[in-house]
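What follows is a single structure, written as structure tokens, with notes after it.
What follows draws every value from the coordinates through simple rules; no lab data is involved. No experiment lies behind these values; they were computed from the predicted model shown. Heads up, the Cβs are rebuilt from the backbone with ideal geometry, glycines too, and the neighbour counts pull from every protein chain shown.
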Amino acid sequence: MFMQMIVQQYLWGLPTMTFHPRMESEVEGLTVIGDVRLRFFNGAVADLWDVECHPGARGEYVSHAPRLVVVLDQSGTGGMDVTASRKNAISTERTANPLSYIPAGFRVWSSIEDISYLRHLDLHLDVAKLSTRLLDELKPGALDEPRLMFNDERVLSLARIIASECENPDSLHDLYGDSLICAIVVALMQVERHFSGSKGKLAPHHLRRAIEYIEDNCARSIRLEELAGLSGLSPAYFCHAFKMTTGVPPHRWQMRARVNRAKHMLENTNLSLSATAAAAGFSDQAHLTRVFRRFSGVTPQVWRKSRRD
């Protein structure tokens, strides 16, 4: 049962991960060619399959997470069908590169006719992760509505890029993968662009993600394009919206995050001021002192002494 191998590989390789796609399956007439290529993104797990198809190939599947199945390539004049009925049959209308979105807990059956080879991408969605970015903007019940055997060139193009990432041994920056997952979910669920709250302000989940990113990466130089990309905005619009929402521009928020990190080290370690400055992202001790005094009203040395007296 080749789909059962997915579950085993997820669990063996990632003992510390909280999202483990789990699937119950029963298949006949399918043989996996080579190794399954796996890629773990923030919000999804992707696996790329090359499968040899024998006469009468079929399968029955139910997953604990919603997933998108994309047929990328095939050899043969026949077709594949995915249905919500056990008594499925191959459709007389062939569709090239069919996609199927299957909600969590939704059982489907597949059948394959006159195909000798199939390459497909399975994208298992981590709803808990995606909810911090997109769930507020999804239409009610969108994740629970199955869409079987449909075509969408935009989703297909994104799926091909994700498949290439599964094969690429040299992974790019996490922001690249995050953006791909966001983009394909937005396209799949047809999320419309809108902003919550007052005009010109960031939506709450966009603001939350930007702040978390700044605070996690405050010790290094953060490009405005990085932050804008998290929300799919232009750098200029993001900078304006961030200031409208928080009252300060992004770089000032980062400076405050660096000061807070320095305070934590001053209070809980015995690092020198110069070492603290370097660890918190300041160019030198003088830079730390200047910015620290601006935000706190006192020098780092005075602040440390006051916390330990």
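Quick look at the numbers
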quantity	calculated
Nearest 10 degrees, 0 to 90: helix 285-296 Cα axis against the chain principal axis	90 degrees
Rg(Cα)/(2.2 N^0.38 Å) for the range 191-288, N = residue count	1.23
Two-site label geometry, Asn260 and Asn168: point separation in nm, points 7 Å out along Cα→Cβ	3.2 nm
Selected from Ile102, Gly200, Pro146, residue furthest toward positive end of dipole (the chain; charges at beta carbon)	Gly200
Range of Cα positions in the chain per principal axis (Å), largest first	78, 43, 28
Mean separation of Cα contacts under 8 Å (6+ apart) over length of the range 152-242, as relative contact order %	24 percent
